[in-house]
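**Q** Submitted below is the structure of interest, expressed as structure tokens.
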Amino acid sequence: MTYSIMAEGLVKRYGDTVALDRIDLAVRTGSVFGLLGPNGAGKTTAVRILATLVRPDRGHASVCGYDVVSQAHQVRHFTGLTGQYASVDETLTGTENLMLIGRVRPANPADVPAVVAIVAGLSLAEPEVRNTTVTVPVSQEDVLPGVMRRFEHAGIRVAELNLRGSSLDEVFLSLTGHRTETEVLEGSAA
Amino acid sequence: MITTVLSARVGPVQGLRQTLSLAWRTLVQIKHNPAELIDFSIQPVMFLLLFTYVFGGAIGGSPHKYLMFALPGIIVQNSLFTTLNTATGLSTDLEKGFFDRLRSLAIARFAPLSGRILADIAKQAWAVIMLLGIGYILGFRVGAAPNRPLGVLAAFGLVLVSTLALSWALVLVAMLAANPEKVQIFGFVVLFPLTFTSDAFVRTASMPGWLQAWSKANPVSLISDAMRGLMVSGPAARPAVESLLYAAAFTIVFAPLAVRAFKRRV
């Protein structure tokens, strides 16, 4: 398969507002794809359609060969989503967040070393991962949003261990520092 | 690339396991947010103590007599108020995008909803056991009939089932309201009058006629009456059946509406 994501003529209306107007998309397997556009361009709507959260009014799309409407459940095996807003549970610790995702979607035991590596890759000290709820500032306040974001991405990668696509909406929202951005891109391409 | 055939849906066993995991998530939150513990442990005890010792003498003749009358009602009141947590919790998850996160995973569609409800049933059960325990310390005794333990168990089941059914209306509100604060306000505006215009706390004889008429039809009265009948004394069968009819009606009307609103919202 050459393309992981294919979309043709996606249309989505909310009342009189046309959120998406005939979008076509083809994303090559193994690539990192950035969807850019001004506010209100429909980026979030497009990502939500590809993540099976919203049904398009017209057009169709497929992810890894499965239709996002008629085969939504299969598509969800391949996709991971971190929404525009933080989608970790702020009242759980980082580890508990990862455990939750791991439990509702059990990973292969063989993947455990990979999970450990992902957590290690968060560049956080062990006790912080284990004991800190995500909302508690770790050392300085401005670290916090970046930490939350990293847990989100780690959650996605725990869920998506056997290669799959990830849809990251507003990937760099609140990521701190250039190094982390690079890490995310490398992580996605890996 | 794909070696196994992916199933098109989640099996019932998997769905149940995901429900349990999401219930775990709601319960483990308590560890990090002790304020929540106050919500469903200390608050009911506070209600029980205040009602028994402040109002008890004035309403029931003596704190002890009043406790025998009011404890079943306080259990109903507390269980009903706990369902508000289900609604605000769901609303918070929707608002923060956590539901999007869950629903983009290959898990059962009902799991986020059923996980939350299951966790709240566990909290309710805990609160009921605690109210019975503290009530016992304060002097509450179940009636003398030989099959009382069964009666208490039946009362326990009845209050969980009927308040769960009534909570579908609040779940619907949670799906329609913009944020948890609105759900909270709406819930209180509805639950307070509903509970206080019943015979959960007082006998209705001193109420004006129109209010008595309403109180007789109020589901909170029916559940409270059934609880009294099952745990202490008095008729139980009729109010219990009527409570269950209410429960069935609320579930039939509000559960589909709530699920539909849930699907539209996310």
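**Q** Ranked highest first by the average count of other Cβ atoms within 10 Å around their residues, in what order do B:105-113, B:204-212, B:235-243, A:15-23 fall?
**A** With the highest mean Cβ count within 10 Å placed first, the list reads B:105-113, B:235-243, A:15-23, B:204-212.
**Q** How fast does region B:190-237 diffuse by Stokes-Einstein, in µm²/s, taking the Kirkwood radius from C-alpha pairs at 37 °C and 0.692 mPa s?
**A** Value of D from the Cα-based Kirkwood radius: 302 µm²/s.
**Q** Okay, moving on. Given C-alpha coordinates of region B:40-161, what is the ratio Rg to Rh with the Kirkwood estimate of Rh? Please report the intermediate quantities before stating the final value.
**A** Values: Rg = 18.1 Å, Rh = 16.3 Å.
In region B:40-161, Rg relative to Rh is 1.11.
**Q** Let me ask something else. Do the sum for chain B: with -39,500 (n - 2.57) for every DSSP H run of n ≥ 4, divided by all residues, what is the mean residue ellipticity at 222 nm, to the nearest 500 deg cm²/dmol?
**A** Helix-only estimate at 222 nm: -25500 deg cm²/dmol.
**Q** Starting from one equal scatterer on each C-alpha and no solvent at all, send me the Debye-based log10 I(q)/I(0) for chain B at q = 0.08, 0.10, 0.15 Å⁻¹, two decimals.
**A** -0.36, -0.54, -1.12
**Q** Turning to a different aspect of this structure: Highest mean first, how do B:137-145, B:216-224, B:19-27 rank when packing is the count of other Cβ atoms within 10 Å averaged over residues?
**A** On the way: B:137-145: 13.8, B:216-224: 22.6, B:19-27: 20.9.
Sorting B:137-145, B:216-224, B:19-27 by mean packing, highest first, produces B:216-224, B:19-27, B:137-145.
**Q** Follow-up question, since we're still on this one. For peptide B:25-32, how many partner chain Cβ atoms fall within 10 Å of a residue's Cβ, on average?
**A** Across B:25-32, the average partner-chain Cβ count within 10 Å equals 5.
**Q** A further question follows. Normalise the Cα radius of gyration of region B:149-266 by 2.2 N^0.38 Å (N = residues in it) and let me know the number. Mind showing how you got there, number by number?
**A** Numbers: Rg = 15.8 Å, N = 118, 2.2 N^0.38 = 13.5 Å.
Taking the Cα Rg and dividing by 2.2 N^0.38 Å, one obtains 1.17.
**Q** Determine the gain in length on full extension of the stretch residue B:16-residue B:263; use 0.36 nm per residue of separation and subtract their C-alpha separation, reporting nm with one decimal. Could the numbers behind the result be given before it?
**A** Numbers: separation 247, 0.36 × 247 = 88.92 nm, distance 1.99 nm.
Full extension of this stretch gives 86.9 nm more.
**Q** Ok, one more. With the convex hull built on the Cα atoms of region A:3-81, state its orientation-averaged projected area in nm².
**A** Orientation-averaged projected area of the Cα hull: 5.0 nm².
**Q** Run down the lysines and flag those whose C-alpha is under 24 Å from the C-alpha of residue B:31, throwing out any fewer than 8 positions away in its chain.
**A** The reachable lysines, counting only those whose Cα sits under 24 Å from residue B:31, are B:96, B:123.
**Q** Any number yet on Rg/Rh for region B:100-215, C-alpha, Kirkwood?
**A** 1.05
**Q** For peptide B:88-101, compute the average count of partner chain beta-carbon atoms within 10 Å of each residue's beta-carbon.
**A** Mean partner shielding for this stretch: 4.
**Q** To the nearest 0.05, how large is the calculated FRET efficiency for residue B:245 and residue B:122 if R₀ is 41 Å and r is the Cβ-Cβ distance?
**A** Plugging the Cβ-Cβ distance into 1/(1 + (r/R0)^6) gives 0.95.
**Q** Then there is this: Full-extension gain between residue B:178 and residue B:64, please, as 0.36 nm times their residue separation minus the C-alpha to C-alpha distance. Working shown, then result.
**A** Values: separation 114, 0.36 × 114 = 41.04 nm, distance 4.45 nm.
Contour length minus the Cα-Cα distance gives 36.6 nm.
**Q** Right, here's the next one. For region B:53-151, with every protein chain kept in place, what is the accessible area per residue (1.4 Å probe, Å²)? Provide the component values of the computation, followed by the final result.
**A** On the way: 3550 Å² over 99 residues.
Each residue of region B:53-151 exposes 36 Å² on average to a 1.4 Å probe.
**Q** Can you work out ³J(HN,Hα) from phi for every residue in region B:52-64, in order, using Karplus 6.51 cos²θ - 1.76 cosθ + 1.60 and θ = phi - 60°, giving whole Hz and x for Gly and Pro?
**A** Karplus values, whole Hz, x for Gly and Pro: 5, 8, 8, 8, x, x, 5, 7, x, x, 8, x, 5.
**Q** Another one. Give me a single rounded figure for A:71-78: the average over its residues of other chain Cβ atoms within 10 Å of their Cβ.
**A** Taking all residues of A:71-78 together, the mean is 5.
**Q** Considering only protein heavy atoms and a probe of 1.4 Å, how much of the accessible area of region A:3-81 is carbon and sulfur, as a whole percent?
**A** Ligands and nucleic acids excluded, carbon and sulfur reach 50 percent.
**Q** Roughly how big is the B-A contact, given as buried accessible area in Å² (both sides, 1.4 Å probe, nearest 100)?
**A** That pair hides around 3000 Å² of surface in total.
The values are calculated or read from the model by the stated rules, or taken from the named source; none is laboratory data. Because the structure is predicted, anything quoted here is derived from the model rather than measured. Note that each Cβ is placed from the backbone with ideal geometry, even for glycine, and that neighbours are counted across all protein chains shown. Side chains included, ligands, DNA and RNA excluded: accessible areas come from the protein's heavy atoms. Shrake-Rupley method; radii C 1.70, N 1.55, O 1.52, S 1.80 Å.
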